[in-house]
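Presented below is the structure to which this report refers.
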Amino acid sequence: MSHHEVRAAELDIRDVSCTVGEREVLSRVSLTVAPGEMVGVVGPNGAGKSTLLRTAYRQLRPSRGRVLLDGTDVFRMSRRSLARRLAALPQEFPAEFELTAHDVAAMGRVPHQRGIGGDRLGDERITTVSLEMVEMAESAHRPFDRLSGGEKQRVLIARALAQEPGVLVLDEPTNHLDMRHQFDVLTLVRRLNVTTLAALHDLNLAARFCDRICVLAAGEVVALGTPVEVLTEPLLSEVYGVHTEIGTHPRTGAPTVLFGN
Ligand SMILES: Nc1ncnc2c1ncn2[C@@H]1O[C@H](COP(=O)(O)OP(=O)(O)OP(=O)(O)O)[C@@H](O)[C@H]1O
């Protein structure tokens, strides 16, 4: 189903700390995402999830440590060469006055374009397929700024897919999406076999789709492992201060988190 014939890359976050003002909001985080692996970053509000992701897509320079893409420091790569290998979905929607959904998705092709002319038809085809993948092809002509939250989110995911990246860094990709689109988008991401680092709030989605889960709290990694290893009652109680019951999905075997006191 995919036009994406790209090689999944390794994303290696090594001993990364970040300071905002005087405050250390990320403390010595290390996390290696293997080629094709999907790792979910979970944790309470303010834990540092977006901060960690921003270092990975080189929007925020760590005060310590490095982020390596297939062994190369992302801050040593040009913006353009990084964008050919790594695509990001930021948490905030950009304001794209005047641009249509198609225009926004087509921006994903820019890092691959060289000179005038280029492979316009190829770029157009990839843009269209990317919009089809998130079921937004029929809205391609609509102004981006007038789309619903979930529709914008899907167009921005299409833009990331159009980049044909080896690594996807997704900040709450299921934010704004209804239940079916949450499921479809994560299923799609998994099928692409692209290395993925995704901040997720929904622990059940993380358990269902991620190979491993990294739990951040107050800027530190407090757990890293498979969903079964990580999603335990004591850990969730400690990190979120919430009592939970952990069950097992009857069909997939994934842990399921039920909230309750
Ligand atoms: N530009 C900034 N200026 C000041 N503080 C910041 C800035 N960016 C992040 N922070 C602080 O850093 C900490 C981590 O924020 P971050 O957005 O990474 O958390 P998060 O885990 O993604 O949270 P959420 O689940 O609410 O999205 C927070 O305490 C936040 O207030």
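The values are calculated or read from the model by the stated rules, or taken from the named source; none is laboratory data. In this text the structure is predicted, and so the values were computed from the model without any measurement. We place every Cβ from the backbone using ideal geometry, glycine too, and count neighbours over all the protein chains shown.
Working carefully through the options VAL169, VAL155, VAL194, find the one that is among the β-branched types (Val, Ile, Thr), crowded, with 24+ Cβ neighbours inside 10 Å and within 16 Å of the ligand (Cβ to nearest atom).
Details: VAL155 fails: within 16 Å of the ligand (Cβ to nearest atom); VAL194 fails: within 16 Å of the ligand (Cβ to nearest atom).
Within the list VAL169, VAL155, VAL194, the selection yields VAL169.
Would you be able to say whether some residue in the range 69-85 is assigned to a strand (DSSP E or B), surrounded by 14 or more Cβ atoms within 10 Å (Cβ to Cβ), within 16 Å of the ligand (Cβ to nearest atom) and of a type in the set (A, V, I, L, M)? Let's see the steps before the verdict.
Residues of the range 69-85 assigned to a strand (DSSP E or B): 69, 72-73.
Okay, now just the ones that are also surrounded by 14 or more Cβ atoms within 10 Å (Cβ to Cβ), so 69, 72.
Still in the running and within 16 Å of the ligand (Cβ to nearest atom): none.
No, there is no match, as no residue in the range 69-85 is assigned to a strand (DSSP E or B), surrounded by 14 or more Cβ atoms within 10 Å (Cβ to Cβ), within 16 Å of the ligand (Cβ to nearest atom) and of a type in the set (A, V, I, L, M).
Tell me, which residue of the range 18-58 that is away from the ligand (no atom under 13 Å from the Cβ) and assigned to a strand (DSSP E or B) is nearest to LEU186 (Cα to Cα)?
Within the range 18-58, the match that is nearest to LEU186 (Cα to Cα) is MET38.
Right, PRO227: more than 29 Å from LEU86 (Cα to Cα) and either buried (at least 19 other Cβ atoms within 10 Å of the Cβ) or modelled with pLDDT of 95 or more (or both) or not? Step through it out loud before you land on a result.
Details: more than 29 Å from LEU86 (Cα to Cα): no; either buried (at least 19 other Cβ atoms within 10 Å of the Cβ) or modelled with pLDDT of 95 or more (or both): yes.
When the stated conditions are applied, PRO227 does not pass them.
Would you please list the contacts, defined by Cβ atoms under 8 Å and residues six or more apart or on different chains, that run from a residue in the range 212-238 that is at positive phi to a residue that is among the acidic types (Asp, Glu)?
Pairs found: GLY219/GLU24.
Any residue in the range 43-59 that is farther than 17 Å from MET77 by Cα sitting within a Cβ distance under 7 Å of a residue that is within 6 Å of the ligand (Cβ to nearest atom) and in a loop (DSSP other than H, G, I, E, B)? List the pairs, counting only those 6 or more apart or interchain.
Pairs that qualify, where the first residue is farther than 17 Å from MET77 by Cα and the partner is within 6 Å of the ligand (Cβ to nearest atom) and in a loop (DSSP other than H, G, I, E, B), are LYS49/GLY43.
Look at LEU89 and say whether it is of a type outside the set (Phe, Trp, Tyr), within 16 Å of the ligand (Cβ to nearest atom) and either modelled with pLDDT of 95 or more or on the phi > 0 side of the Ramachandran plot (or both). Before the answer, list the steps.
Values: of a type outside the set (Phe, Trp, Tyr): yes; within 16 Å of the ligand (Cβ to nearest atom): yes; either modelled with pLDDT of 95 or more or on the phi > 0 side of the Ramachandran plot (or both): yes.
For LEU89, the condition - of a type outside the set (Phe, Trp, Tyr), within 16 Å of the ligand (Cβ to nearest atom) and either modelled with pLDDT of 95 or more or on the phi > 0 side of the Ramachandran plot (or both) - is met.
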